[in-house]
Amino acid sequence: MKKWVWMLAALLVLSTVLAGCYGGGNQSSSASGSKGGTKGVKQELVLNAINEPPALDPAMATDTTSGWILDHIFEGLYTKDKDGKPVLGTAKDVKVSDDGKTYTFTIRDDAKWSDGSPVTAHDFEYSWKRTINPETGAQFAFYMYYIKGAEDVNKGKGTIDDVGVKATDDHTLVVELNNPLGYFEELLTMWTFYPVKKDLVEQNKNWAGEADGYVSNGPFKMTQWKHDSQVVAEKNENYHDNKNITLEKVTWKVVNDATTYYQMYKTGELDLIQTLPTDVIDQEKDSKEFKNVPYFGTYMYMFNVTKEPFTNAKVRRAFALAINREPLTKNITKAGETPAYAFVPPGVETSKGDFREVGGEYFKEDSEEAKKLLQEGMAEEGWETLPPVTVIYNTSENNKKVSEAVQEMLKKNLGVDVKLANQEWKTYLDTTQQGNFQMARMGWIGTLLDPVVILDYYLGDSPNNRSRWVNEEYDKLMAEAKAAQDPDKHFELLHQAEDILMEELPFFPVYHYTNTYLTSPKVKDVVYPFNRYPNVKWAKMVSE
């Protein structure tokens, strides 16, 4: 088990190093007024969130935009260091039982909320049990199913007292797991496990909807939220490690149009942007300000398998085979993405090699086979003509271009006309969650460098599984993989699960992500993780 833990940790470090962790290097900035120093430089950083964050309640956030902000205004028992490794955060000590199933955390004496009151073990117990409680409606509650009793309670069985999370005093939190979990420390860095302040949450149901009265425990505290315009966070003077925080203010603008935010970067209104407009990547890729960072996730189109025509597996496969991925990534997205013929991205090393290389590719583009499958599927359903199809995507320039390319390929390679429709991110999440779609763009980023967190997306009871596809054997294999203590067995079971998923195809993958960034030379010490947006906790503004 220890070997597996260290293997995952080593991979994580390697991943972040290869990605180019630091914007402008890891050198300490001089305090002088010389070039690269911080003296006399206003410590205010302006980023672009692109979308309005749908939820700034750690229990309710399910998207990377919300997570980006939450990662800067909250802190869990563990946090990440500059190399992307999990290290103790709000906890100062942890003891693990010999069987690896019980963790006893000691909360820091100087852990405080942004209002100055102490953060206690009771806050963590309350927060986690609130997330698990089915009445809360937390979609990411399933990440807590590793905890004893959590799954039963979340599914309406047992009582909240049965959950293996208990504060024995203000500074001691005891957590019992169903089985040892090699990546538990990494998991606890996720925002779902952040604490919230009980009296604040219970006094105001909309406590996380506005900046006024908002309380958190991270390096920054939210001081302004102008909806659909910007979120502002300022340095939290009550944060236990505030002496190592240089920035006084971080602003996330909400600018959706890629051309607009690119121009704002060029005029100095934004200090860092991600997801560059595809038509500027060629001209920027040789710039010292440009970064192309691997991102552990998959861009896809999911089907609602309860809506015609995607109730038929052959029709779903026909659509998958009709998309030409390589020209799409080379000519449309242009950011170094890898065409995807499976769900799990490259990057997970196993004893037999990279998980993706071992599993191989599950299909190749084939327009003739696609047409044949389409006709067979229509015959099985008794359709003389294919039911009309609308493809929806969330508003962004990249999604628009990809969807238009997919629309054209389906027409050319399959003879199918589809309509396109777009929605703003928050509305789009609601629409897809309610199942009001036939085919929809989606992306999934692994919170850990393990295939399990990618494949979790299509679990039958996962609230993220908007496809409505359920396969009992798939769910069974996933459960067995999580409980497996031998890493080879763990990965073998995950391969078997992916085999089922890629045979049924409740979605089709398009490409594995990279992230493109431009970072101003005025900004130093930004960290670019493999599975999150940039961490600016240690960033500083310097003289040019």
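The values are calculated or read from the model by the stated rules, or taken from the named source; none is laboratory data. Just so it is clear, the structure is predicted and the values come from calculations on it, not from any experiment. So basically every Cβ, Gly included, is an ideal-geometry build from the backbone, and we count neighbours across all protein chains shown. The accessibility values were calculated without ligands, DNA or RNA, using every heavy atom of the protein model including side chains. Shrake-Rupley method; radii C 1.70, N 1.55, O 1.52, S 1.80 Å.
Please identify which residues in region 374-405 have an amide N closer than 12 Å to a label point set 7 Å out from the Cα of THR311, following the Cα→Cβ vector.
Answer for region 374-405: 381-383, 387.
Can you compute the label reach from LYS419? Point 7 Å from Cα along the Cβ direction, backbone N cut-off under 20 Å, restricted to region 286-312.
302-311
Starting from the 7 Å offset along Cα-to-Cβ, what nm value, one decimal, do you get for the label separation of ASP282 and ASN133?
Here the answer is 5.7 nm between the modelled labels.
Could you list, in their original order, any pairs among LYS249/LYS482; LYS205/LYS235; LYS85/LYS205; LYS330/LYS489 whose Cα atoms are separated by more than 31 Å?
LYS249/LYS482; LYS85/LYS205; LYS330/LYS489
Provide the gained length on full extension for the span GLU480 to SER229, in nm with one decimal, where the gain is 0.36 nm per separating residue minus the Cα-Cα distance.
85.8 nm
Work out which helices of the chain, taken as complete DSSP H runs, extend at least 20 Å along their axis over the Cα atoms and score a mean Kyte-Doolittle of 0.0 or more, then list them.
Membrane-span-like by this rule: 2-18.
Please calculate how many Å² of accessible area the chain carries per residue, with a 1.4 Å probe and no DNA, RNA or ligand atoms counted.
40
Sorted by mean Cβ packing within 10 Å, highest first, what order do the peptides 468-476, 147-155 take? Kindly include the intermediate steps, with their values, before the conclusion.
Numbers: 468-476: 15.9, 147-155: 20.0.
Answer by packing, highest mean first, reads 147-155, 468-476.
For the pair PHE290 and LYS400, how long in nm is the line joining their label points, each one 7 Å along Cα→Cβ?
2.3
Could you look at the chain and say what percent of its accessible area is carbon and sulfur, using a 1.4 Å probe and all protein chains?
47
Give me the extension gain from GLN434 to LYS372: residue separation times 0.36 nm, minus the current Cα-Cα distance, reported in nm with one decimal.
Full extension from GLN434 to LYS372 adds 19.1 nm.
Report the gain in length on full extension from GLU472 to GLU269: 0.36 nm times residue separation, minus Cα-Cα distance, nm rounded to one decimal.
Full extension of this stretch gives 68.0 nm more.
What's the local net charge at LYS226, with K and R +1, D and E -1, over the other residues with C-beta under 13 Å away?
Around LYS226, the surrounding residues sum to -3.
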